[in-house]
Amino acid sequence: MGSVFLGAVHSLGATLRIMSYNKVGFAGFIAVMLILFMAFIGPFFVPLDTVTKVDQIYQPPNAEHWLGTDHQGRDIFSQIVNGGKDVIIVAVVAGALSTLIAVTFGTLAGFAGGRTDSVIVSITDIVLTIPQLPLLLVLAALIKLNNIFFLGVILGALGWPSLLRAVRSQALSLKQRDFVEAARALDLGTMHIIFREIVPNMMTYIIISFALAMTGAIYAQVALVLFGLVPFSGSNWGVMLSLAWVRGAIYFKDSIWYIMMPVAAIVILQLSIVTMTRSLELVFNPRLRSGE
Amino acid sequence: MSNESQQVVLKHEAGSGTPLTLRNVSVVYKTRKGDVRAVRDVSLDLRAGESIALIGESGSGKTTLGLSIVRLLVKSAQVTHGEIIYRRNGKEIDVLGLSKKELREFRWKECSMVFQSALNAFNPVIRIWDQMRDTAQSHGWKDKKAIRQRSLELLKFVQLDAERVIDAYPHELSGGMRQRVLIALSLLLDPQVLILDEPTTALDILTQRTIIDLLRKLKEEQHFTMIFISHDLAIAAELADRIATMYAGRVVEVGSADDIFYRPRHPYTLGLIRAVPKVVGDFQELFSIPGSPPDLINMPSGCKFHPRCPYATDKCRQEEPDLVTVGPEHMAACWHWQEVEKELQSKPLHSIS
Amino acid sequence: MSLIELKNVSRTFGKGDERVVAVDNVSFAIDEGEVLCLVGESGCGKSTTGKIVAGLLEPTRGQVLFDGQDIAKMDKESFRRYRHSVQIIHQDPYASLNPTQTVRQMITRPLLRHHKARSNEEAEKRAVELLEIVDLTPAQDFMNKYPHQLSGGQRQRVSVARALTVEPRFIVADEAVSMVDVSIRVSLLNMLSRLQDEFNVTFLFITHDLALAKYFAWEGRISVMYLGRIVEDGPTRRVVMDPRHPYTQALLAAVPEADPELARRKRRIELRSADIPSLLDLPSGCTFNPRCPYFVAGVCDGEVPPLVAIPEGGRVACPIRKDVSIQLIEETPAAPAA
Ligand SMILES: Nc1ncnc2c1ncn2[C@@H]1O[C@H](COP(=O)(O)OP(=O)(O)O)[C@@H](O)[C@H]1O
Ligand SMILES: Nc1ncnc2c1ncn2[C@@H]1O[C@H](COP(=O)(O)OP(=O)(O)O)[C@@H](O)[C@H]1O
Ligand code: SF4
Ligand SMILES: [Mg+2]
Ligand SMILES: [Mg+2]
């Protein structure tokens, strides 16, 4: 996305090189790649263990079960591998949608001003005042939320207002910049000014917000599963957590692994996404690339 | 207003001898990209009652040198070589060896600096009076009345409406007024030496003039020993007895104001003078210095000015020249200063006969 | 017919108590190929005037004529032509270029968009030519650079090259060299002068630095602004050598000179007050009257004095002093100011 905005389509190699300038960020990027690989390719190699083995319940990690077993003696590792896909898809859909809405309308409001601005701002304020979790609870009661895309869309449709406000105020200040004025003098057109002059200068911010929107969506869906409102079929880190909870796993000392593993998976995913943004910033902000 | 302020007399005792001596001072900033050699091997003597101007383009190390004298360099900076010796009443102080506590005294009572950025760095919620009182009290003044008296006198001396200004918040004052308050503040504990970093930069012309006239008064009536730091040659021409030109962290020429402006011997000084227009008088042609200032991390070999210098020869590219005497009290660091002299004989710099 | 003409242009900002008149009833005309310098202290309305001339800000009152046509009444096509004919160069080299674009992008995009080049290759070729015109050579070395990789002077040159993409007839240079180092300033000015000579570009050169104005507009004219109004204008030589308005005189006398002898011999003009009035609360009549050493009660604080033409050239907005010359340099060195 950024490369298109920037017009400077870096080659893949160049992009990776730029990202590697920040070691921590690059580590985050690698971690994200590994998690994606695990979640989307992994299931082909590690099928979900669905066989109940009463003699193996609540085992700690060992050679056979790398991450231990659950209350039915099923392998936790296989559940982790198989349970990431849905979580990630919902996060990406929700994050992308809310960022898209926020950036498009936030920039438009800031740049156009006048009535356009006041309409967008009022709608934002209204959405912002809706308490999200209760609304989701109500929604979940009314409609089936078991379609992951649908869930992502709903989370995204509710998650944009605060980002929009920030984007709008950034656009307002960028609009005053001399280089935007120069672009106006050069008659480069509104689309050019928004997408080539203003938005690229907000990319750092947008990326971080995208990452935060994704992690927000992860929390939201886990919460929904935990409340038992999203009847997920199959395996999912949220479902695992919910099951562990329902089975009272927290009361058994041995079951610590069962409850910790999905928590760890979620935390590691979030951490990786957030650290990765450091490297992504470099791609979009040439000033940060001191290596050049 | 000016009449009234002329009656205010500061009781400043002009020192004698040489209050400040820098010997081979070098300062390095440690950065991610490498060592920035901001000041290299600078030696200067500052005589009592004299004002010296450090001129040179931005990035030439002027501020860094000033900060190293009052020991206010940032942590990443390090004085790698040299000595700074301060003298008063026959006593010598090794400035680089001062303890933290001694430094606080030193900065207000001996050698105070008016910073360039301080113009915006006033604490916005503190009144001028509080600022002055805090400063005085932290140096052991107890008598509030006396502090107020002195503060008012100083504010009057810098030609401010003292009674009004002393109870004002910084934002209620214009840039020029704040600059004058800063000068008054720096005089509070009657230091011997005053260092002013870009005292007029970013001020309007008429305001600049009031500051210049004020500084001239400090110099001519009170005989303060002063260092002016400025990229603006005009400040030097207006105020300095002596001028030191800095380039790439080094003093490349030092001499009396007239020597520097009419008989410069370093090609860089000459270049600067020929690049700056004057307002009064007939049209005069200007010349720019080609190229741009050097990267202080990877400096050119030999004379650091050689890539931009019209006189440069192989020798310049290989060996860095030291300051040599080129006239009475006049030194320049250039292998070919005699050629500069010759050129000036055919094209003198005097604008008015 | 002048290329650009301002007729009684005013511009206010803010409402109610906050309302300021940044530009007040300003009129001037600039002929094709001419240089007009707008000088004055910061906040006097220079940039606002420049932006109005460049069509980037609408005047609250008055007209801007381009080639004799009122730009507010132009049809789309004429306005487009005007838009492309007038470009602006900003003061701050760190703000005037988009940090996320390379020099190539900044220059080829306007070329392609406005069909000044039909293909990428042609745009590339033209970009190289433009960079050479502004003395960024070898041009290829600069094409892939981002602004942060350039020095202040180089950035200003890129700004100029970018403005030249649309082949402007008129350039507003708003403090275009104020923020670059002295050693580089002159070459920038000379480059701009060359545009004037070679491409017949007309300039509105805005600066707070009278010495620069004198140098750049020696063959042109200077207009002196004070608190939103023009108080004096005329041929540069006349304004600099024989200023008439007390404000112009005060400015010229106050400018510090880079020459010790001159500095000693320059005449001092004492003002009655060092404070600049706030735009929110302007004095009546001539706005310089509270500071002016020649103040005459009843005249200076009555009506706003109009700009009146003087035989030596130009106009002066001071009924008291418009016919009186003063000497700016004392014959003998002045005694040290006390
Ligand atoms: N805090 C700092 N860290 C790193 N480099 C610095 C720092 N401050 C100044 N410098 C560098 O030191 C050099 C001299 O700077 P300075 O003393 O501010 O010059 P001047 O006052 O002549 O403009 C410059 O190249 C500048 O970039
Ligand atoms: N966009 C704006 N909004 C409000 N006030 C403005 C705006 N632009 C300029 N002004 C005010 O108008 C006056 C003139 O400003 P300006 O034209 O920038 O002066 P100059 O360029 O001579 O320094 C100033 O007092 C400034 O605060
Ligand atoms: S030493 Fe050489 S290069 Fe350096 S200033 Fe002198 S002539 Fe120029
Ligand atoms: Mg400095
Ligand atoms: Mg301006």
How large is ³J(HN,Hα), in whole Hz, for each residue of region B:99-116 in order, when computed from phi with the Karplus curve 6.51 cos²θ - 1.76 cosθ + 1.60 and θ = phi - 60°, using x for Gly and Pro?
-> 7, 4, 5, 4, 4, 4, 5, 4, 5, 9, 9, 10, 9, 10, 10, 9, 7, 5
Which ³J(HN,Hα) values in Hz, rounded to whole numbers, follow from the phi angles of region A:190-198 under the Karplus curve 6.51 cos²θ - 1.76 cosθ + 1.60, where θ = phi - 60° and Gly and Pro get x?
-> 5, 4, 4, 5, 5, 8, 10, 9, 8
Relative contact order of chain B: what whole-number percent is it, with Cα pairs under 8 angstrom and at least 6 residues apart?
-> 20 percent
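Restricting everything to alpha-carbon atoms, can you work out Rg to Rh for region B:70-152 with a Kirkwood hydrodynamic radius? Walk me through the numbers before you get to the answer.
Values: Rg = 15.5 Å, Rh = 15.2 Å.
Rg/Rh: 1.02.
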State, in angstrom, two size descriptors of region C:242-332 derived from its alpha carbons: Rg to one decimal place and Dmax to the nearest whole number.
-> 14.3, 43
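By DSSP, what percent of the beta bridges with both residues in the protein assembly as shown are antiparallel, rounded to the nearest 5? Let's see the in-between values first.
Values: 58 of 94 bridges.
Counting DSSP beta bridges with both partners in the protein assembly as shown, the antiparallel share is about 60 percent.
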Taking the chain alone as reference and the full protein assembly as comparison, with a 1.4 Å probe on protein heavy atoms only, the residues of region A:182-200 that lose at least 30 Å² of accessible area are A:Ala182, A:Arg184, A:Ala185, A:Leu186, A:Asp187, A:Leu188, A:Arg196
Excluding near-sequence neighbours (fewer than 8 apart on one chain), chain A holds lysine pairs with C-alpha atoms under 29 Å apart numbering 4
Report, ordered by chain and residue number, the lysines lying within cross-link reach of B:Lys75, taken as a straight Cα distance under 21 Å and ignoring same-chain residues fewer than 8 apart.
-> B:Lys30, B:Lys33, B:Lys62, B:Lys100, B:Lys101
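Send over a whole-number figure in Å² for the accessible area per residue of region C:242-332, probe 1.4 Å.
Details: 3940 Å² over 91 residues.
Counting only protein heavy atoms, the per-residue value for region C:242-332 is 43 Å².
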Would you mind checking which residues have amide H under 5 Å from B:Met113's amide H? H placed 1.01 Å from N; only 5 or more apart, or other chain.
-> B:Ile195
Would you mind checking the tilt of helix A:23-40 against the longest principal axis of the Cα atoms of chain A, expressed as 0 to 90 degrees and rounded to 10?
-> 50 degrees
Accessible area expressed per residue, region A:141-214, with surrounding protein chains retained (probe 1.4 Å, Å²) = 41 Å²
Across C:Thr137, C:Thr202, C:Thr287, the residue with the highest GNM fluctuation in chain C (Cα network, 10 Å cutoff) is C:Thr137
May I have the convex hull volume per residue, in Å³, for the Cα set of the protein assembly as shown?
-> 230 Å³
Ignoring everything but the protein chains, give the 1.4 Å probe accessible area of B:Asp258 in square angstrom, nearest 10.
-> 50 Å²
Value of Rg to Rh for chain B (Rh from inverse mean 1/r over Cα pairs, i.e. Kirkwood) = 0.98
Would you be so kind as to list the residues of region B:41-71 that have their accessible area lowered by at least 20 Å² in the full protein complex compared with their chain by itself (1.4 Å probe)?
-> B:Glu57, B:Ser58
Radius of gyration, Dmax [region B:194-353; alpha carbons; angstrom] = 16.5, 49
Pick out, in residue order, every one of the trypsin sites (Lys or Arg not before Pro) in region C:96-197 that is DSSP loop and has at most 14 other C-beta atoms within 10 Å; say none if there are none.
-> C:Arg118
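So if the hydrodynamic radius of chain C is defined as the Kirkwood radius over C-alpha pairs, what does Stokes-Einstein give as its diffusion coefficient at 37 °C and 0.692 mPa s, in µm² per second? Mind showing how you got there, number by number?
Details: Rh = 21.4 Å.
Approximately 153 µm²/s, per Stokes-Einstein.
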Under the Kirkwood approximation for Rh and a Cα-based Rg, what ratio Rg/Rh is obtained for region C:179-338?
-> 0.99
Of the lysine pairs in chain C, how many meet both conditions: Cα atoms under 26 Å apart, and a spacing of 8 or more in sequence or different chains?
-> 23
For chain A (alpha-carbon point model, no solvent) the Debye-based log₁₀ I(q)/I(0) at q = 0.15 Å⁻¹ works out to -1.16
Principal-axis tilt of helix A:132-142 within chain A, Cα atoms, nearest 10 degrees = 60 degrees
Any residue on another chain or 5+ positions along whose placed amide H is under 5 Å from the amide H of B:Val27 is listed here as B:Ala38, B:Val39, B:Arg40, B:Asp41, B:Thr80
Could you tell me the convex hull volume per residue, in Å³, taken over the Cα atoms of region C:1-51?
-> 78 Å³
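Express the C-alpha Rg of region A:95-206 as a ratio against the empirical globular expectation 2.2 N^0.38 Å, rounded to two decimals.
Details: Rg = 16.5 Å, N = 112, 2.2 N^0.38 = 13.2 Å.
Relative to the 2.2 N^0.38 Å estimate, region A:95-206 comes out at 1.25.
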Sum -39500 (n - 2.57) across every DSSP H segment of at least 4 residues in chain A, then divide by the residue count to get the 222 nm mean residue ellipticity, nearest 500.
-> -22000 deg cm²/dmol
Expressed as a whole percentage, what fraction of the accessible surface of region C:242-332 belongs to carbon and sulfur atoms when a 1.4 Å probe is rolled over the protein heavy atoms?
-> 52 percent
Could you work out which residue, out of B:Val254, B:Val125, B:Val39, moves most in a Gaussian network model of chain B, that is, has the largest mean-square fluctuation with Cα springs under 10 Å?
-> B:Val125
Work out from phi, with θ = phi - 60° and the Karplus expression 6.51 cos²θ - 1.76 cosθ + 1.60, the ³J(HN,Hα) of each residue of region B:161-171, listed in order in whole Hz, and give x for Gly and Pro.
-> 6, 3, 4, 7, 5, 5, 9, 8, 8, x, 5
Relative to the first principal axis of the alpha-carbon coordinates of chain A, what is the inclination of helix A:203-226, with its axis defined by its Cα atoms, in degrees from 0 to 90 and to the nearest 10?
-> 30 degrees
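With a 1.4 Å probe and all protein chains left in place, how much of the accessible area of region A:46-277 comes from carbon and sulfur atoms, in whole percent? Intermediate results must be reported in sequence, preceding the final value.
Numbers: 7100 of 10400 Å².
After summing per-atom areas, the C and S share lands at 68 percent.
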When ligands, DNA and RNA are left out and all protein chains stay put, how many square angstrom of accessible area per residue does chain B have with a 1.4 Å probe?
-> 43 Å²
Compactness of region C:126-189, expressed as Rg and Dmax over alpha-carbon positions, Å | 11.6, 30
What are the residues of region B:232-251 that lose 20 Å² or more of accessible area, with a 1.4 Å probe, going from their chain alone to all protein chains?
-> B:Ala234, B:Ala237, B:Glu238
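How many Å² of accessible surface get buried when C and B come together, counting both sides, probe radius 1.4 Å, rounded to the nearest 100? Provide the component values of the computation, followed by the final result.
On the way: alone 16440 and 17270 Å², together 29490 Å².
Buried: approximately 4200 Å² between B and C.
Quick one: dipole size for region A:46-277, taken about the Cα centre, charges +1 on Lys/Arg Cβ and -1 on Asp/Glu Cβ, in debye to the nearest 20.
On the way: 13 positive and 13 negative charges, 82 e Å.
The calculated dipole for region A:46-277 is roughly 400 debye.
The values are calculated or read from the model by the stated rules, or taken from the named source; none is laboratory data. Computed from a predicted structure; not experimentally measured. Here Cβ is always computed from backbone atoms with ideal geometry, including for glycine, and neighbour counts include all displayed protein chains. Only protein heavy atoms, including side chains, enter the accessible area calculation; ligands, DNA and RNA are left aside. Shrake-Rupley method; radii C 1.70, N 1.55, O 1.52, S 1.80 Å.
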